[in-house]
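Let me begin by presenting the structure, written as structure tokens, before commenting on it.
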Amino acid sequence: RACNLSACSSKLAFSQVHPMWQEPLAIPGGDRQSPIDIVVRKSVFDPQLRPLKVQYDPRTCQQIWNNGYSFLVEYDDTTDKSTVKGGPLEDQFRLCQFHFHWGENNAWGSEHSIDRRLFPAELHLVHWNSDKYSLFEEAVIEENGLAVIAVFLKIGKRHEGLQKLVDALPAVRHKDSLVEFTKFDPSCLLPENIDDYWTYAGSLTTPPLTEAVTWIVMKRHIEVSHDQLAVFRSLLFTSAEEQVQRSMVNNFRVQQAVKGRTVRSSFT
Ligand SMILES: NS(=O)(=O)c1ccc(NCc2ccco2)c([N+](=O)[O-])c1
Ligand SMILES: [Zn+2]
């Protein structure tokens, strides 16, 4: 075991962090890109925003895989068992996956920021409009196709619910690795209060960057321990076959221009 590890460590020459991907020159539309900095004093309270209604069934949880950008926990979205509605949403949206973005240290890592404050990591719960479309792939190109709930992570006490996920990560260390992962209820990753949020019209933050997302950014963060987040950083961008392994860190996109958009708040 020890000798294998030493052979393994000599093979893994860790290079410095590369930009995750080249920002494309032409972006579809380009006037509602994500992520953004949310300037609190410029956000507009909208009393018509209703409370979010989140209904997740842990039995729809299927697998975890490393797609070379992040690790994704994927849900069975062939029925309306795990959904979100209300809030800024006119329709019902089905949960298809959740993933995170994080930094190489605790000073940064989130994609959105609040008055320029960055967090060490950010959770994205991705849903697609199942009232209007029949597949995620159809919804991802429509302007009202997706709804992503974003939750900031702060370093603090250990998050008991997250630990089951953290324990599964070594099995998906390399890009394209996948393991079965079941009976995980992602509502344990939501803050107690989900009534206070900001919402704005934006895009996917990785290719294809389509402007299909109603963003719902939670005002309240959740806490995870330093050690739990360190396991996220033990993942790799690279597949097992690649000579040079690169740590999966700083997998966030640079912030984009607000371009006249209004960020609404559900609270005063
Ligand atoms: N950081 S995010 O929540 O905006 C985001 C980004 C990309 C994708 N997917 C990339 C994609 C879509 C179609 C083909 O490939 C997803 N997602 O799939 O949930 C979410
Ligand atoms: Zn994301």
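The values are calculated or read from the model by the stated rules, or taken from the named source; none is laboratory data. Keep in mind the model is a prediction, meaning the values are calculated, not measured. Neighbour counts are summed over all protein chains in view; Cβ atoms, including those assigned to glycine, are modelled from backbone coordinates with ideal geometry. Just so you know, the surface numbers come from the protein's heavy atoms only, side chains and all, with ligands and any DNA or RNA stripped out. Shrake-Rupley method; radii C 1.70, N 1.55, O 1.52, S 1.80 Å.
Rank His226, Val172, Ala121 by how far each Cα sits towards the positive end of the charge dipole of the range 114-231 (+1 on Lys, Arg Cβ; -1 on Asp, Glu Cβ) and give me just the farthest.
His226
State whether the range 18-97 is rounded, prolate or oblate according to the following rule on the C-alpha gyration tensor (a ≥ b ≥ c being the square roots of its eigenvalues): a/c under 1.5 gives rounded; otherwise a/b larger than b/c gives prolate, and the remaining case gives oblate.
On the way: a/c = 2.26, a/b = 1.05, b/c = 2.15.
Cα axes put the range 18-97 in the oblate bin.
With each run of n ≥ 4 DSSP H residues scored as -39500 (n - 2.57), what mean residue ellipticity at 222 nm is computed for the chain after dividing by its residue count and rounding to the nearest 500 deg cm²/dmol? Don't jump to the answer; show the numbers that get you there.
Working: 4 runs with 30 residues, N = 268.
About -3000 deg cm²/dmol.
Ranked highest first by the average count of other Cβ atoms within 10 Å around their residues, in what order do 181-190, 211-220 fall? Spell out each step's value before the answer.
On the way: 181-190: 17.0, 211-220: 22.5.
Per-residue Cβ counts within 10 Å, averaged per peptide and sorted highest first, yield 211-220, 181-190.
Give me P(r) over the chain, computed from all C-alpha to C-alpha distances, binned every 5 Å, as integer percentages.
Reading upward from the zero bin: 1, 6, 12, 17, 20, 18, 13, 7, 3, 2, 1, 0, 0.
By the scheme Lys and Arg +1, Asp and Glu -1, what is the net charge of all other residues having a beta-carbon under 15 Å from that of Trp65? Write out the running numbers ahead of the final one.
On the way: positive: Arg173, Lys175; negative: Glu74, Asp76, Asp176, Glu180.
Within the 15 Å Cβ shell, the charges total -2.
Full extension from Asp195 to Arg233: what is 0.36 nm times the residue separation minus their Cα-Cα distance, to one decimal in nm?
On the way: separation 38, 0.36 × 38 = 13.68 nm, distance 3.09 nm.
Value of the extension gain: 10.6 nm.
Measuring with a 1.4 Å probe in the full set of protein chains, what accessible area per residue, in whole Å², belongs to the chain?
Working: 12540 Å² over 268 residues.
That works out to 47 Å² per residue.
Amide H neighbours of His159 under 5 Å, counting only residues 5+ apart in sequence or on other chains, H built in-plane at 1.01 Å?
Hits under the 5 Å cutoff: Ser225.
Note down the nm distance, to one decimal, between modelled labels 7 Å out along Cα→Cβ at Gln48 and at Lys157.
Distance between label points: 4.1 nm.
Under the 0.36 nm per residue contour assumption, what length would be gained going from the current alpha-carbon distance of Asp167 and Asp80 to full extension? Walk me through the numbers on the way to the answer.
Values: separation 87, 0.36 × 87 = 31.32 nm, distance 2.85 nm.
Here the answer is 28.5 nm.
Tally up the carbon and sulfur contribution to the accessible surface of the chain as a whole percent, 1.4 Å probe, everything protein left in place.
On the way: 6620 of 12540 Å².
Solvent-exposed carbon and sulfur of the chain make up 53 percent of the total.
What does the highest-first list of 106-113, 250-257, 198-205, 157-164 look like by mean Cβ count within 10 Å?
Numbers: 106-113: 20.4, 250-257: 18.1, 198-205: 22.8, 157-164: 14.1.
Going from most to least packed, we get 198-205, 106-113, 250-257, 157-164.
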